[in-house]
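A.B. asks: If you scroll down you'll find the structure; I have some questions about it.
The values are calculated or read from the model by the stated rules, or taken from the named source; none is laboratory data. Quick caveat: nothing in here was measured; it's all calculated off a predicted structure. When we count neighbours, we look across all protein chains shown, and the Cβ atoms used for this are built from the backbone with ideal geometry, even at glycine. Surface areas here come from the heavy atoms of the whole protein model, side chains and all, with no ligands, DNA or RNA. Shrake-Rupley method; radii C 1.70, N 1.55, O 1.52, S 1.80 Å.
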Amino acid sequence: MAETLKTLETRRSCRSYKPELIEDEKLQAIIKAGTYAATGMGKQSPIIIAVTNKELRDKISAKNAEIMGANMDPFYGAPEMLIVLANKDVPTYVYDGALVMGNLMNAAYDLGVASCWIHRAKEEFESEFGKEILSSLGIEGNYEGIGHLALGYAATPENAPAPRKDNYVYFFK
């Protein structure tokens, strides 16, 4: 089986991470894979924010938990995260951002790095909190948060894939 297909079939979301950081070479390779995601009309509407600073990571986690209405770490202890936002002026921005997230998750898995897509980026970056993060990075524009990718090394073994449902695919022949 081709390695790409094996990755697509075996990657699972991780919900328990070791505290150690990912090697920079691996992080850069994961990010690069995200920049090669297909985008509508080749517009490349998404941007990726890499958060390796623990203080900022913890602030983002607290804000995300607040939005979720929970008292927990929504990033499951992952020491790093990538945040994908996309330019709302491009009609395909949500799909573009989702494809970037997919590329990031699959590239991470291929490099032995665990990940999990965490939601509520939209709400975060609509808030003053998120707008301040963008401003501090000099990011201007009409961006919407698509998702966070929690990244790190798994603290527990991954689960086996669930069986695929019977009515997943329909054919016209």
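A.B. asks: Out of the range 51-85, which residues are among the hydroxyl-bearing types (S, T, Y) and either surrounded by fewer than 18 Cβ atoms within 10 Å (Cβ to Cβ) or out of contact with any Cys (no Cβ under 9 Å at 6 or more places or on another chain) (or both)?
C.D. replies: Of everything in the range 51-85, those that are among the hydroxyl-bearing types (S, T, Y) and either surrounded by fewer than 18 Cβ atoms within 10 Å (Cβ to Cβ) or out of contact with any Cys (no Cβ under 9 Å at 6 or more places or on another chain) (or both) turn out to be T52, S61.
A.B. asks: Go through (1) of a type in the set (A, V, I, L, M, F, W, C); (2) within 23 Å of T4 (Cα to Cα); (3) part of a loop (DSSP other than H, G, I, E, B) and name the single condition C116 misses.
C.D. replies: With respect to (1) of a type in the set (A, V, I, L, M, F, W, C); (2) within 23 Å of T4 (Cα to Cα); (3) part of a loop (DSSP other than H, G, I, E, B), C116 is out only on (3).
A.B. asks: Among the numbered conditions (1) touching a helix residue (DSSP H, G or I) at 6+ places or on another chain (Cβ under 6 Å); (2) free of Cβ contacts under 8 Å to residues at least 60 places away in the same chain; (3) farther than 22 Å from L137 by Cα, tell me where V51 comes up short.
C.D. replies: Of (1) touching a helix residue (DSSP H, G or I) at 6+ places or on another chain (Cβ under 6 Å); (2) free of Cβ contacts under 8 Å to residues at least 60 places away in the same chain; (3) farther than 22 Å from L137 by Cα, only one is false for V51: (3).
A.B. asks: Looking at the range 119-130, which of the residues that are among the charged types (D, E, K, R) and either open to solvent by 60 Å² or more (accessible area, probe 1.4 Å) or part of a helix (DSSP H, G or I) (or both) is farthest from P91 (Cα to Cα)?
C.D. replies: Checking each candidate, the answer is E128.
A.B. asks: Are any residues in the range 10-50 of a type in the set (K, R), outside any helix (DSSP H, G or I) and exposed (fewer than 15 other Cβ atoms within 10 Å of the Cβ), and if so, which ones?
C.D. replies: The answer is K18, and nothing else.
A.B. asks: With more than 12 Å from the chain's Cα centre (by Cα) and closer than 18 Å to G34 by Cα as the only criterion, which of L151, L111, L137 stands out?
C.D. replies: Of L151, L111, L137, the one residue that is more than 12 Å from the chain's Cα centre (by Cα) and closer than 18 Å to G34 by Cα is L111.
A.B. asks: Let me ask something else. What number goes with the only condition from (1) free of Cβ contacts under 8 Å to residues at least 24 places away in the same chain; (2) more than 15 Å from the chain's Cα centre (by Cα); (3) open to solvent by less than 100 Å² (accessible area, probe 1.4 Å) that T7 does not pass?
C.D. replies: The number of the failed condition is (1).
A.B. asks: Go through the range 51-65 and count every residue that is small (G, A, S) and not in a helix (DSSP H, G or I).
C.D. replies: 0
A.B. asks: Go through the range 131-173 and give me each residue that's without any contact (Cβ under 8 Å) to a residue 40 or more places away in the chain, assigned to a loop (DSSP other than H, G, I, E, B) and of a type in the set (S, T, N, Q).
C.D. replies: Matches in the range 131-173: N167 only.
A.B. asks: Given (1) touching a Ser or Thr at 6+ places or on another chain (Cβ under 6 Å); (2) open to solvent by less than 30 Å² (accessible area, probe 1.4 Å); (3) closer than 18 Å to L8 by Cα, where does S115 come up short, assuming only one miss?
C.D. replies: (1)
A.B. asks: Let me ask something else. In the range 66-105, what count of residues is obtained for those that are touching a residue at least 24 places away in the same chain (Cβ under 8 Å) and outside any strand (DSSP E or B)?
C.D. replies: The qualifying residues number 26.
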